[in-house]
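Heads up: the structure comes next, in structure tokens.
The values are calculated or read from the model by the stated rules, or taken from the named source; none is laboratory data. Note that the structure is a prediction, hence the values are computed from the model and not measured. Glycine also receives a Cβ, built like all others from the backbone with ideal geometry; neighbour counts cover every protein chain displayed. Side chains included, ligands, DNA and RNA excluded: accessible areas come from the protein's heavy atoms. Shrake-Rupley method; radii C 1.70, N 1.55, O 1.52, S 1.80 Å.
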Amino acid sequence: MIVLVVAASLLIGVSLGVLGGGGSILTVPILVYLAGQGTKEAIATSLFVVGVTSLAALVPHAWARRVRWRTGLLFGGFSMAGAYGGGRLAGYVPGTVLLAGFALMMVATAVAMLRRPRPGREADRSEESGPGLAGLAAKGLAVGAVTGLVGSGGGFLVVPALAILGGLPMGVAVGTSLLVIAMNSFAGLAGHLTGVTLDWGLALSVTAAAVIGSTAGARLAGRIPQDTLRAAFGWFVVVMGIFVLAEQLPPAAWTHPATWAVLGAGLGSGLTAVTSSRVRRAPRHP
């Protein structure tokens, strides 16, 4: 079984290296369903794995100049503060409500990522020095608060925040997000270690495999076009969002017509938004 756990852990690193997210969502199921850990132990272990793996994946991105250090450190600092507040608030919100809301937000974020930016918009933004301090503070606190609520490194939220709201090119947003994810993960781990003991043998084995995957993923990310990377991340978030949402619905809900009506309306709206965006951006021929 440990061989299967280590093999699956490679996907954690590849996900973080290429997409800058997905580590926590992949790590926790691997530790719970394959390694047999309890939920609290799996969450704490995943924070260690994702934190170390993010730092390892950050190195090749930094060498390739795909990291905005000022933006990442400021965003990460504010995000850590928001994560602490979100973690305190999470004790008063049912877990099912938290994960269902997070899944819906993931899908909405994916739609925004799949919509093509206006011509020249991303290029113009990439030439700027980055968002202002007030913008970083607001966005970092908001992302951190949600990260604290759901207990993950926050890559699904950090990358879109940096790419869409912060104005960073997708490749730079992925690289910079790894710094923010590491900061959030270690801050969350510090809180969990007060009540949870890690299986360091398992944690180090999974981390080693994930680091190998992250190094390969980071090198691969530099060779993928920006539009392709954005689309891959968007559809990956869609799949994971639907999976998380499906896990929170009771079995009886799948036989109710209202469930399929809502899912169909959401899927139709998302596809319409993506398609209309592509049509508007397509070059017109005389």
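Which whole-Hz couplings ³J(HN,Hα) result when phi for each residue of the stretch 31-40 is put into the Karplus expression 6.51 cos²θ - 1.76 cosθ + 1.60, θ = phi - 60°, listed in order with x for Gly and Pro?
Listing the rounded values in order: 6, 7, 8, 9, 8, x, 7, x, 4, 5 Hz.
Taking R0 as 35 Å, what FRET efficiency do you get between Leu249 and Trp200 from their Cβ-Cβ distance, rounded to the nearest 0.05?
In this case the efficiency is close to 0.45.
Sort 46-56, 172-182, 238-248, 28-38 by the packing proxy (mean of other Cβ within 10 Å over each peptide's residues), most packed first.
Packing order, densest peptide first, comes out as 172-182, 46-56, 28-38, 238-248.
Starting from the Cα-Cα distance between Leu133 and Arg65, subtract it from 0.36 nm times their residue separation and give me the gain in nm to one decimal.
22.3 nm
Counting only heavy atoms of the protein chains, get the accessible area per residue of the stretch 174-215 (1.4 Å probe) and round it to a whole Å² value.
With all protein chains present, the stretch 174-215 gives 36 Å² per residue.
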